[in-house]
Amino acid sequence: MTRFAWHLPTLFFALLMSVGTGVSAQVPAAPVATDEVEAMPHPWVVPAPRAAETYFTNLKDGGTYESPFVARFGLSMRGLVPAGQTAGRAGHHHLLVNQDLPLDFKKPLPFTDQYIHFGKGQMEMVVNLPPGNYKFRLLLADQGHIPYFVYSKPLSVTISKQNKAVTPASVQGPARVELLSPADRETVKGPFRVQFHATGYNVSHVGPKAADTGHFRLTMERAGRKPEVLDFTAGQTETWLNPPAGDYSLRLEMVSNAAEGKVLSAAKPSVLSVAAR
């Protein structure tokens with residue numbers, strides 16, 4: 001269980017703003033390929049109607065924030081695995097600050113204040129930057145930090161104030177898992193996206209059995225039926241579902257990859273109605 005706080009020194013920030021990034025804004029062309037679902041853990045899981053990408057689940061382009069604040073990472077069509085580990089096409093997140101995508105996707109990403117690595121399988125970080133305008137971008141990379149063609153759109157944010165008396169731990173809160181969507185008591189039609197999140201836990205494909213990691217498990221219950229258990233063993237942090245119409249109780253858990261069957265955390269159960277198509 002690890003907490004993360006990052007502070008870009010004011011001097012470095014001033015230098016960065018004065019000289020710019022010096023990197024071309026050109027975006028490299030990705031190879032033409034069709035992404036396939038990494039793992040289909042249950043018949044109700046369907047292919048996502050979108051390409052593999054990373055994204056921020058709680059930040060908005062053009063948004064204004066006071067630091068420290070939490071930036072949460074989402075990932076579609078792929079799973080997470082710690083750096084140094086190989087499991088299919090799973091990878092780990094990187095946050096690019098005031099940097100464009102690399103022009104050479106065959107070289108490993110550097111370790112600098114502008115390339116923040118989340119090599120343990122983290123899904124969030126505490127941003128603790130001084131006031132200013134920033135461009136954020138997420139990029140997924142493999143075990144050797146060589147990027148995949150899986151990245152987010154650039155996100156422009158303004159930090160209006162830095163609250164130095166606020167501790168990162170107080171912003172992040174206790175370790176927990178959350179069902180981000182659908183919302184509690186929401187009515188949806190299939191197929192629909194289900195998004196998971198973990199604070200203070202590292203997410204991973206079960207293959208490497210990496211210590212201090214877990215994977216998400218979603219249990220869906222309906223009256224008079226056997227519970228449906230969906231194990232996301234490929235390190236997925238979201239899924240698309242197309243279950244039969246009905247009322248469901250949803251329970252999300254984080255299950256240990258090192259101690260088989262051990263539940264590390266459980267979200268508060270929520271209720272979902274699936275309308276007939």
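The values are calculated or read from the model by the stated rules, or taken from the named source; none is laboratory data. If you're wondering where the values come from, they're calculated on a predicted model, not measured in any experiment. For neighbour counting, all protein chains shown are included, and Cβ atoms are generated from backbone atoms with ideal geometry for every residue, glycine included. Surface areas here come from the heavy atoms of the whole protein model, side chains and all, with no ligands, DNA or RNA. Shrake-Rupley method; radii C 1.70, N 1.55, O 1.52, S 1.80 Å.
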- prompt: How much of the DSSP beta bridge set in the chain is antiparallel, as a percent to the nearest 5?
  reply: 80
statement: In terms of the charge dipole of the chain, which places +1 on Lys and Arg and -1 on Asp and Glu at the beta carbon, the residue among Leu241, Pro82, Tyr134 farthest towards the positive end is Leu241
query: So what is the relative contact order of the stretch 84-163, in percent, for Cα pairs below 8 Å that sit 6 or more residues apart?
result: 38
message: Starting from 0.36 nm per residue, how many nanometres of slack lie between Asp61 and Phe111 once their C-alpha separation is accounted for?
response: 15.5 nm
statement: Distance in nm between Asp247 and Arg222 label points, each 7 Å along Cα→Cβ, equals 1.3
- request: May I ask which residue of Ser270, Asn98, Gly63 lies farthest towards the positive end of the charge dipole of the chain, with charges of +1 (Lys, Arg) and -1 (Asp, Glu) on Cβ and the Cα centre as origin?
  value: Ser270
Partners for Lys106 among aspartates and glutamates (Cα-Cα distance below 20 Å; same-chain residues under 8 apart left out): Asp35, Glu53, Asp142
- prompt: What residue among Ser181, Ser160, Ser170 shows peak mean-square fluctuation when the chain is described by a Gaussian network model with Cα springs under 10 Å?
  reply: Ser170
field: Shape of the stretch 81-182, Cα gyration tensor, a/c cut at 1.5
entry: oblate
query: How large is the dipole of the chain about the Cα centre if only Lys and Arg carry +1 and Asp and Glu carry -1, each at its Cβ, rounded to the nearest 20 debye?
result: 300
query: Which entries of Lys153/Lys262; Lys107/Lys164; Lys209/Lys268 show an alpha-carbon separation above 31 angstrom in the structure shown?
result: Lys153/Lys262; Lys107/Lys164
field: Among Leu155, Leu180, Pro110 - extreme Cα towards positive end, dipole of the chain, charges at beta-carbon
entry: Leu180
- request: Can you bin the stretch 80-135 into rounded, prolate or oblate? Criterion: square roots of the alpha carbon gyration tensor eigenvalues sorted a ≥ b ≥ c, rounded for a/c under 1.5, prolate for a/b above b/c, oblate for the rest.
  value: oblate
- prompt: Just the accessible area per residue of the stretch 163-277, please: how many Å² with a 1.4 Å probe?
  reply: 46
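Taking 45 Å as R0, compute the FRET efficiency from the Cβ-Cβ separation of Asp212 and Arg277 and round it to 0.05.
Values: r = 41 Å, r/R0 = 0.92.
Computed FRET efficiency for Asp212 and Arg277 comes out at 0.60.
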query: Could you give the angle, 0 to 90 degrees to the nearest 10, between helix 10-19's Cα long axis and the longest principal axis of the Cα atoms of the chain?
result: 80
message: Can you compute the modelled spin-label distance between Ala175 and Thr86, with each label point 7 Å from Cα toward Cβ, in nm?
response: 3.0
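Could you work out the relative contact order of the chain, using alpha carbon pairs under 8 angstrom and six or more residues apart, expressed as a whole percent?
Working: 708 pairs, mean separation 57.9, N = 277.
The value is 21 percent.
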